[in-house]
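Here the structure comes first, spelled out in structure tokens, and everything after it is commentary.
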Amino acid sequence: EAMQNKTYADYIATRPRVEKFGTHGLFTDDGEIVNLNDVSKELNLHQGNVWTSVISLRREDAERLGYNNADAWKSLMRRKVFEIAEAHKIKPSNLKIYAAFHNTTHHPHMHMLVYSSDPNEGYLTKKQIDNLRSTFGNDIFRNEQYKLFQAETLKRDEIKSRMRDILNKYDISQDDIGISYKLNDLAKKLEKVDGKKKYGYLPKDIKKVV
């Protein structure tokens with residue numbers, strides 16, 4: 001009631017440092033030109049929930065990854081439409097999204113409004129918030145993650161190769177309680193372990209063997 005004709009959409013669309021498309025900075029996932037007055041009226045009449053989110057990066061990350069302009073954030077939002085709908089328990093056909101990019105000095109960020117055209121639809125849990133954070137983060141940093149995975153694979157292959165060299169030089173025939181015995185013992189124990197065979201996930205007794 002206090003807002004009258006003004007809404008959060010007006011705030012994110014017109015505040016300083018917003019990157020504008022014409023007279024304001026509001027954009028949506030369908031690429032159409034947004035009429036800010038129409039959006040504000042629609043929000044004032046909406047009887048259901050409206051969720052507001054802020055997705056923020058450090059300036060150095062935004063510059064390095066190309067998220068220093070509104071078009072990059074708009075593309076990101078479009079790629080994540082179905083994940084956004086799923087997280088909010090909203091049918092994609094009913095999903096309404098509006099957003100604006102604020103190119104602030106230290107943390108460029110996107111404000112996002114999410115709601116359903118059906119006022120009785122939608123809810124958001126802490127788990128779904130975490131899922132959204134993960135899906136946006138994985139997309140934004142996907143190229144750096146790929147490089148990291150490559151480096152991890154190379155390091156893992158190097159460790160395997162070095163271990164083979166060590167064992168090939170080892171006289172197993174003289175080994176009753178040494179490294180080969182312990183490795184065989186470890187292998188038998190690991191056969192009974194479900195899930196990933198990573199050290200951090202192993203039971204305490206097997207960690208001691210490792």
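The values are calculated or read from the model by the stated rules, or taken from the named source; none is laboratory data. Quick caveat, the model's predicted, so the values are computed rather than measured. A quick note on method: Cβ atoms are made from the backbone with ideal geometry, for glycine too, and the neighbour counts reach across all protein chains shown. Accessible surface is based on the protein model in full, side chains and every heavy atom, while ligands, DNA and RNA are left aside. Shrake-Rupley method; radii C 1.70, N 1.55, O 1.52, S 1.80 Å.
Rolling a 1.4 angstrom probe over the protein heavy atoms, how many square angstrom per residue are accessible across the range 68-210?
In whole numbers, the range 68-210 has 69 Å² accessible per residue.
Restriction of the GluC sites (Glu not before Pro) in the range 128-210 to DSSP coil positions whose beta-carbon has at most 16 other beta-carbons within 10 angstrom yields GLU191. Taking the Cα centre of the range 1-90 as reference, the dipole from Cβ charges on Lys and Arg (+1) and Asp and Glu (-1) amounts to some 260 debye. Among PHE82, PHE21, the sequence by solvent-accessible area, most first, with a 1.4 Å probe is PHE82, PHE21. Would you mind checking LYS89/LYS197; LYS155/LYS196; LYS127/LYS188 for any pair whose Cα atoms are more than 26 angstrom apart? Violating the 26 Å Cα-Cα cut-off are LYS89/LYS197; LYS127/LYS188.
Let me make sure I get this right: for the range 1-111, a, b and c are the square roots of the gyration tensor eigenvalues over alpha carbons, sorted descending. Under 1.5 in a/c it's rounded, otherwise prolate if a/b > b/c, else oblate. Which is it? Here the range 1-111 falls in the oblate category.
Every Cα-Cα pair in the chain was counted, and those over 21 Å apart are 67% of them. If you build a Gaussian network model of the chain, linking Cα atoms that sit under 10 Å apart, which residue out of LEU57, LEU132, LEU148 swings the most? Comparing LEU57, LEU132, LEU148 in a Gaussian network model of the chain, the most mobile one is LEU148. The fraction of accessible area contributed by carbon and sulfur in the range 10-124 is 46 percent, rounded to a whole number (1.4 Å probe; ligands and nucleic acids excluded). Of the residues SER180, ILE140, GLY66, the one whose Cα sits farthest toward the positive end of the charge dipole of the chain, with +1 on the Cβ of Lys and Arg and -1 on the Cβ of Asp and Glu, is SER180. Dividing the Cα radius of gyration of the range 96-136 by 2.2 N^0.38 Å, with N the residue count, gives 1.44.
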